[in-house]
1. Read through the list (1) within 14 Å of chain B (Cβ to nearest Cβ); (2) among the small types (G, A, S); (3) within 23 Å of the chain's Cα centre (by Cα), then give the number of the only condition that A:A73 fails.
2. Among the strands (runs of 3 or more DSSP E) contained in the range A:1-100, which hold 3 or more residues that are surrounded by 11 or more Cβ atoms within 10 Å (Cβ to Cβ)?
3. Restricted to the range A:192-218, and to residues that are farther than 18 Å from A:N271 by Cβ and part of a helix (DSSP H, G or I), which residue is least open to solvent (accessible area, probe 1.4 Å)?
4. Do we find that B:E365 is more than 10 Å from chain A (Cβ to nearest Cβ), over 28 Å from A:K240 (Cα atoms), part of a strand (DSSP E or B) and at pLDDT below 95 in this structure?
5. Report, by residue number, each residue of the range A:227-242 that is closer than 17 Å to A:L192 by Cα and exposed (fewer than 14 other Cβ atoms within 10 Å of the Cβ).
6. Could you run through the range B:437-447 and say how many residues are within 14 Å of chain A (Cβ to nearest Cβ) and either touching an Asp or Glu at 6+ places or on another chain (Cβ under 7 Å) or of a type in the set (S, T, N, Q) (or both)?
7. Among the residues of the range B:413-472, write down those that are open to solvent by less than 20 Å² (accessible area, probe 1.4 Å), among the β-branched types (V, I, T) and either under 23 Å from A:D307 (Cβ atoms) or in contact (Cβ under 8 Å) with a residue 60 or more places away in the chain (or both).
8. Does A:K114 satisfy being under 36 Å from the mean Cα position of the chain (by Cα), open to solvent by 100 Å² or more (accessible area, probe 1.4 Å) and within 14 Å of another protein chain (Cβ to nearest Cβ)?
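The values are calculated or read from the model by the stated rules, or taken from the named source; none is laboratory data. Just so it is clear, the model here is predicted, and its values are computed rather than measured. When we count neighbours, we look across all protein chains shown, and the Cβ atoms used for this are built from the backbone with ideal geometry, even at glycine. The area values use the complete protein model at the heavy-atom level, side chains included, leaving out ligands, DNA and RNA. Shrake-Rupley method; radii C 1.70, N 1.55, O 1.52, S 1.80 Å.
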Amino acid sequence: MSQDNKKVTVETTGHVWDDDLQELNNPLPRWWIWGFYITFGFALVYWLFYPAWPIGNTYTKGIPGLNNVTYVATKVDGTQETKTTHWNMRSKLMVEMNDLQAEQKPYVDKVASKSFEDVAKDPELMQFVNSAGKTLFATNCVPCHQAGGQGKVKFAPNLTDDYWQYGGTYENIQTTIVGGRHGVMPAFKTILNDAELTQVSNYVLSLSGEPHNADAAKLGDAIFHGDKAGCYACHGVDAKGNIAIGSANLTDKVWLWPDVLGAKTPEAKLNEVKTLIYGGMDKGVMPVWETRLKPEQIKLLTVYVHDSLGGGK
Amino acid sequence: MPDQAEKSLYQKHIPIVTRSVKGQFRTFKTAVMLLAYSVYFLLPWMPWARVSAASQAILFDLTTRRFFIFNLIVYPQDIFWLAMLLFIAAALLFFVTGLVGRAWCGYFCFQTLWSDMFIQIEHLIQGERPARLRLKNQNWNLEKILKIGASHALMILVSMWTAITFACYFSYAPTFVYHFFNGTGVAGGYFAVLVLTLLTYMAGGVAREQICLYACPYARFQSVMYEADTLAVTYDAKRGEGMKGRTIPIQGLKTQDERTLAGHGDCIDCGFCVQVCPTGIDIRNGLQYQCISCGLCIDACDNIMDSVGYPRGLIRYDSERNMASEVPEPPRVIWKRFKVIGYAVALLLMTGLLFYNIGTRSDTEVSVQQVRQPLYVMLSNGSLRNRYLIHIVNKTESDQIYTIDVDGISPRSLDMRFFKAVSIKAGKGLSVNASVNLSAEDASKVREFNFLITQASTQKVIKVETNFNSPREHD
């Protein structure tokens, strides 16, 4: 099979450089050429079925009616509409979403028809709540309450702990999601002077065993329960807050608006509390979800927050 | 001098029409075929009592993602068993090839088995080699249409039953076959059967030896496992050719003595060994990559040697070294070689490991995933909470109840809500939320603890180590 002594004659392009440097013209293999021609045919058929050529602001959509996609879309006002369009990626996505929603429906219906406790007691439904709730939570709640529901000091409450400003039962949580919340604390800068602010701040710190000045706290106790400042009116005589109006429990270890746990020194902790009382707070806003989520989604989220995040009561 | 550029690089297929032969290797091949076909075609119909799946001994259930092999249930997480099995298969191939050459190709490969079956179908309908050749070369008439058509129809039927049998391994065989012929089967089933029928017919009925020559990688790389001592189907050229080469037994060259005197070897050049070869080679040209070492040429030659009264073994299993030696010994398997022993050791080790692994598998699989966002939660009374997602897979054949406990911390610190004991269906998995609350003091001491998952029916306990996160001094 040796080719050493055989003269190879191959067609050349006729170009010759440096006397004997020729450009060979090896034709493409037949199978390759045929494969190439087949792609022409494929493209022609493709144009009949799929969007292809851009024309100004529009494009060819294939032969009308040849390759239609039908899907159900939910409009902004909540009504459903069946749409038929030429094939396109978005409509294919919608069809897939429709299929997935249909697959989820039995579980969603089960959650909707059962009581909160019964959902929480059903291990398979809870698996669904864990995963579907996670998606709902990630889409709607994470911007404020953070990815794991851990919240952020001075911004949004932690949903994984056992403290609930507005109550931690299923019904409380559902009410919170449905109607939203707006937590406000008035500013005391015109009512209390600096010394009084220090005293009442020391008292607040003493309630949860944080470092404080005992003498000042004693004076602060009087201010707290006195009618001039009237702190007790909202936070209660025992300072344990009131879930009906969302006033904070001052006797526990959980802090939302003053960053007492984050402050390292006693002075910094005092300053945190004092600043809040001085200026008040008007940022405790949870939006209304009733208008954005369906009732069954809110129910699912309620169980997710209560049981999957694990802080419910 | 032919011009290389004009010569086509495409080798046009030369059809191979083989002659049938009788002998020990043919008998062995037939026995292997009968055994392999019995196992392959009958195994899906073997019943086996099951609780959570169809009562079939071998069932590769793709929908529930479980493979049932008698009493063994294989889950997707056991995929490394497949890796071990493939390793064992490879080591076995190397080991056997090192000893006796391409035994896999010649006797056991499904390409060989199905090709052999289809050649026998042709033999049955169209007759022996001369009749088949005559039929092939004659013009198309009713006889040719009927005979060729019938043999291909039969091949397609065998291919189809092969395909249906294959599909039966993945579905409950009686219902699958019933629905298949009833026209009520699933589309995937019909598609699988169609594709496999076509592939089987194309590979065994049309392409045949071309699969071995051009498509099969094993055919090419098995040659590197051959050593000088490896037994291979070999033509004894010294004996066959003599001084002056082979020749037909004309007058005066009939007995061995006459031929030896004249300087001719024992090969009477009858061409029988070529006619029986399924890959169409001449073994007298020496060892070739096309040779699948099926031994049919040995049978053919032995028959001829018997009929002319010469000793058998002109073509035989022998080693390269023995052939080259001055005084050849009777061929024997020489296994005391580094490579062969190495393959055997690897084979035994991995087989042992696989069996050990399967033997010590657990009925329950538990994984504990710590919720890391947030790493820990400070509760209102100052204690700390960590949360976990416990995933339990029930790999038994019946529904099971599992209880979840902790070890290393107070049992009261575990909060399972309603799932202290959970029931899990056969073959299913379940994830449950767990939270562990420790006082600030305990939390500072505990870094690790265990979850104990107890299967209620057997009281078997599975211990899973996990961590407890809390703010540390250095944080």
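1. Checking A:A73 against (1) within 14 Å of chain B (Cβ to nearest Cβ); (2) among the small types (G, A, S); (3) within 23 Å of the chain's Cα centre (by Cα), the one that fails is (1).
2. Once the strands (runs of 3 or more DSSP E) in the range A:1-100 are filtered for at least 3 residues that are surrounded by 11 or more Cβ atoms within 10 Å (Cβ to Cβ), what remains is A:68-74, A:80-86.
3. A:A214
4. Yes; evaluated as a whole, the condition is true for this residue.
5. Those that are closer than 17 Å to A:L192 by Cα and exposed (fewer than 14 other Cβ atoms within 10 Å of the Cβ): A:D227, A:K228, A:A233.
6. Count: 2.
7. Listed by number, the residues that qualify are B:V422, B:I424, B:V432, B:V436, B:I453, B:T466.
8. no
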